[in-house]
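Enquirer: First the structure, which I've put down as structure tokens, then a few questions once you've had a look.
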Amino acid sequence: MNARLNLLENPITGKVIKHFGAAGKVVHDSPLPIGTQHLVTLRASQINGCGFCTDMHSKDAVAAGEDWLRLNLVAAWREATCFTEAERAALELAEEGTRIADAAGGVSDEVWENAAKHYDEEQLAALVFLIGLINAFNRMNVIIQQPAGGYRPGQFA
């Protein structure tokens, strides 16, 4: 299976990815815990059906020390006992932010207030932009049918 576009060789996509990558680095270097970042990017990628991003973010999370059990339970985080209350709040915000069209009015005040109990304003800003960025990457990869399975941890570092 080949992607419809080569994102790294196309001059337009290369420029856009460079800027998205720079924005992603700002979020990565923010005070939002890296473990939370991995959980959020994985969950949004699962919801959006992006095999490439699901592959990438699960492998990067393991390389960063995340446990496979927790990663396997991200899709069922509400029933899993291995996530902190802060992680649950971030996952819920990620789900509502990813499924924004499914909710009349977007992200609920209740979900936002729950996240705000666990994260300060700088962390919330990083979380919001992380959710936006991963959704954009997911959509691009799904549209071009980017194949999954061959990612190596840190490949784009």
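Enquirer: What tally of residues in region 57-80 results from selecting those that are in a helix (DSSP H, G or I) and open to solvent by 70 Å² or more (accessible area, probe 1.4 Å)?
Expert: 4
Enquirer: Another question, if that's okay. Which residue is modelled with the lowest pLDDT, if the candidates are limited to region 1-32 and must be open to solvent by less than 70 Å² (accessible area, probe 1.4 Å) and aliphatic (A, V, I, L, M)?
Expert: Among residues in region 1-32 that are open to solvent by less than 70 Å² (accessible area, probe 1.4 Å) and aliphatic (A, V, I, L, M), the one modelled with the lowest pLDDT is L7.
Enquirer: While we're here: Among the residues of region 33-56, count how many are closer than 14 Å to M140 by Cα, open to solvent by 10 Å² or more (accessible area, probe 1.4 Å) and assigned to a helix (DSSP H, G or I).
Expert: Counting residues in region 33-56 that are closer than 14 Å to M140 by Cα, open to solvent by 10 Å² or more (accessible area, probe 1.4 Å) and assigned to a helix (DSSP H, G or I) gives 4.
Enquirer: Something else now. Give region 117-148 a look and list any residue that's more than 16 Å from S30 (Cα to Cα), open to solvent by less than 50 Å² (accessible area, probe 1.4 Å) and touching a Leu at 6+ places or on another chain (Cβ under 8 Å), or say none.
Expert: Hit for region 117-148 is I144, nothing else.
Enquirer: Would it be correct to say that E121 is more than 30 Å from R152 (Cβ to Cβ) and out of contact with any strand residue (DSSP E or B) (no Cβ under 8 Å at 6 or more places or on another chain)?
Expert: yes
Enquirer: Now, a different point. Being in a helix (DSSP H, G or I), at pLDDT 95 or above and surrounded by fewer than 17 Cβ atoms within 10 Å (Cβ to Cβ), is that true of even one residue in region 89-98?
Expert: Within region 89-98, none of the residues are in a helix (DSSP H, G or I), at pLDDT 95 or above and surrounded by fewer than 17 Cβ atoms within 10 Å (Cβ to Cβ).
Enquirer: A further question on this structure: Give the residues of region 99-124 that are in a helix (DSSP H, G or I) and touching a residue at least 24 places away in the same chain (Cβ under 8 Å), sorted by residue number.
Expert: N114, A115, K117, H118, E122, Q123
The values are calculated or read from the model by the stated rules, or taken from the named source; none is laboratory data. Values in this document were obtained by computation on a predicted structure and should not be read as measured data. Don't worry about glycine lacking a Cβ; one is built from the backbone with ideal geometry, like all the others, and counts go over all protein chains shown. Note: areas computed on protein heavy atoms with side chains; ligands, DNA, RNA excluded. Shrake-Rupley method; radii C 1.70, N 1.55, O 1.52, S 1.80 Å.
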